[in-house]
Amino acid sequence: MYAQMIKSEGGKDPSEMTPEEVRFQARIDAGEKIEPKDWMPEGYRKTLIRQIGQHAHSEIVGQLPEGNWITRAPTLERKAILLAKVQDEAGHGLYLYCAAETLGVSRDDLTEQLLSGRMKYSSIFNYPTLTWADVGAVGWLVDGAAIMNQVPLQRTSYGPYSRAMIRICKEESFHQRQGFDIMMKMAQGTPEQKRMAQDALNRFWYPSLMMFGPSDAESVHSAQNMAWKIKINTNDELRQKFVDQTVPQAEYLGLTVPDPDLKWNEERGHYDFSEPDWTEFFDVLNGNGPCNNERMEARQEAWADGQWVRDGLMAHAAKKRARKMAAE
Ligand code: BYC
């Protein structure tokens with residue numbers, strides 16, 4: 001009876017749920033947050049570890065394309081802004097690793113899974129930043145797409161993830177605006193600067209659309225994740241929202257979105273647009289993007305270089321513990 005009352009659209013059939021699962025789904029449907037010590041289905045825990053872990057890794061790997069330009073930022077002010085942004089991404093990664101740890105996985109475990117290639121990070125960070133305009137395009141488009149995805153995640157059902165997203169979203173809007181500001185300067189600059197801005201848009205447009213994940217028909221996790229309110233919108237819904245929001249911004253910049261089929265559809269009240277090349281997307285996911293090897297090597301090197309710091313911290317903690325025990 002209770003099982004029949006719950007919604008769980010897209011998820012498991014209520015008649016196949018255990019009484020615990022039924023109670024859990026009812027809490028989700030009532031809009032309650034799930035906290036670390038609450039009972040949760042193993043699948044819920046696993047999919048959250050997958051998504052939050054992937055999200056954390058994306059923040060950390062995501063520092064690399066922009067970090068590439070810190071030493072070459074055109075002015076001291078731009079350098080300071082970029083430094084702050086890249087540091088923010090490191091902070092986001094840390095909040096998210098902490099949120100994942102509440103699900104019973106350690107940060108070392110997650111790192112090991114990233115470095116061994118068993119865990120993914122966002123496809124977008126496998127593309128290079130070739131010019132300063134690319135730093136603008138990353139802020140404007142990549143952070144713009146990230147916000148579109150992350151604002152609804154503030155309402156995700158898992159408490160620690162939802163709270164991490166609230167903090168992260170505040171910073172992401174600054175990131176997006178700094179990117180747009182760079183694009184504006186470039187688009188209004190010399191013909192060569194405008195050409196660089198257009199070239200950056202040309203190269204980052206479709207990879208940014210891919211950030212939302214495969215089309216709904218190909219998305220394996222969406223239905224269950226939406227039933228559990230881990231995910232609030234489908235991949236295609238968010239992609240459409242992103243296009244609708246970004247096209248007028250491109251027009252304002254005087255730049256052309258690289259899609260000859262892009263046009264406003266009066267009837268739908270949305271832009272019609274061309275799908276990204278999904279073969280390229282899956283190729284990038286399989287490790288064959290332009291920068292996959294470079295990104296993994298950079299993370300592996302950073303992890304190895306940081307070993308002495310981790311060893312030092314562990315030795316210090318052990319000494320402190322021993323001193324405390326001796327004093328008791
Ligand atoms: N890249 O069933 P689906 C940032 C995978 S960083 C790689 O639709 P789901 C920033 C997916 O994992 C922000 N993989 O999955 C940082 C699954 O593979 P597995 C990053 C992708 O989970 C620095 C398979 O494809 N944001 O803003 O329902 C500087 C099937 O997909 C991608 C997040 O991480 C992709 N783009 O939906 C600047 C957001 N898309 O695991 C900026 C949190 C899909 O089964 N994550 N896959 O092998 C999410 O919201 C969801 O996980 C996704 C995918 C929408 C990405």
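The values are calculated or read from the model by the stated rules, or taken from the named source; none is laboratory data. Quantities reported herein were computed from a predicted structural model and do not represent experimental measurements. Quick reminder, even Gly has a Cβ in these numbers, built from the backbone with ideal geometry, and neighbours come from all protein chains shown. Please note that ligands, DNA and RNA were not included when accessible areas were found on the heavy atoms of the full protein model with its side chains. Shrake-Rupley method; radii C 1.70, N 1.55, O 1.52, S 1.80 Å.
The C-beta contact set for region 86-102 (first residue open to solvent by 20 Å² or more (accessible area, probe 1.4 Å), second residue basic (Lys, Arg) and in a helix (DSSP H, G or I), distance under 7 angstrom, 6+ apart or interchain) comprises 95/167; 101/107. Pairing each residue of region 55-67 that is more than 7 Å from the ligand (Cβ to nearest atom) with any residue that is assigned to a loop (DSSP other than H, G, I, E, B) and open to solvent by less than 20 Å² (accessible area, probe 1.4 Å), provided the two are 6+ apart or on different chains, yields C-beta distances under 6 Å for 65/129. The helices (runs of 4 or more DSSP H) falling completely within region 28-107 that include 3 or more residues that are out of contact with any Asp or Glu (no Cβ under 8 Å at 6 or more places or on another chain) and over 13 Å from residue 135 (Cβ atoms) map to 42-61, 76-101. Please verify whether residue 187 is touching a helix residue (DSSP H, G or I) at 6+ places or on another chain (Cβ under 6 Å) and either open to solvent by less than 70 Å² (accessible area, probe 1.4 Å) or over 18 Å from residue 153 (Cα atoms) (or both), treating the condition exactly as stated. Yes, satisfied. Which one of 250, 318, 304 is farther than 28 Å from residue 223 by Cα and in contact (Cβ under 8 Å) with a residue 40 or more places away in the chain? From the options 250, 318, 304, the qualifying one is 250. Would you check which residues across region 238-287 are closer than 27 Å to residue 226 by Cβ and of a type in the set (A, V, I, L, M, F, W, C) and list them? If the condition is that a residue be closer than 27 Å to residue 226 by Cβ and of a type in the set (A, V, I, L, M, F, W, C), then 238, 242, 243, 247, 273, 278, 281, 282, 284, 285 are the ones that fit.
Here is a yes/no grid of residues against (1) under 30 Å from residue 194 (Cα atoms); (2) in contact with a strand residue (DSSP E or B) (Cβ under 9 Å, 6 or more places away or on another chain); (3) not aliphatic (A, V, I, L, M):
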| residue | (1), (2), (3) |
| --- | --- |
| 225 | no, no, yes |
| 234 | no, no, yes |
| 240 | yes, yes, yes |
| 252 | yes, no, yes |
| 272 | yes, yes, yes |
| 279 | no, no, yes |
| 305 | no, no, yes |
| 315 | no, no, no |
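Of all residues in region 120-136, those satisfying the criterion of being within 11 Å of the ligand (Cβ to nearest atom) and in a helix (DSSP H, G or I) are 123, 124, 125, 126, 135. Residues in region 198-254 that are of a type in the set (S, T, N, Q) and more than 30 Å from residue 17 (Cα to Cα): 198, 202, 208, 240, 245, 246, 249.
For region 5-17, indicate whether the set of residues that are over 18 Å from residue 225 (Cα atoms) and free of Cβ contacts under 8 Å to residues at least 40 places away in the same chain is non-empty.
Within region 5-17, the first condition is being over 18 Å from residue 225 (Cα atoms), and the residues that meet it are 5, 15.
From what is left, the residues that are free of Cβ contacts under 8 Å to residues at least 40 places away in the same chain are 5, 15.
Scanning region 5-17, I find at least one residue that is over 18 Å from residue 225 (Cα atoms) and free of Cβ contacts under 8 Å to residues at least 40 places away in the same chain, so the answer is yes.
Look at region 216-251 and say how many of its residues are away from the ligand (no atom under 12 Å from the Cβ), open to solvent by 50 Å² or more (accessible area, probe 1.4 Å) and either in a helix (DSSP H, G or I) or at pLDDT below 95 (or both). Residues that pass the stated criteria total 4.
Of all residues assigned to region 32-47, at least one qualifies as being touching a helix residue (DSSP H, G or I) at 6+ places or on another chain (Cβ under 8 Å), open to solvent by less than 50 Å² (accessible area, probe 1.4 Å) and under 30 Å from residue 127 (Cα atoms).
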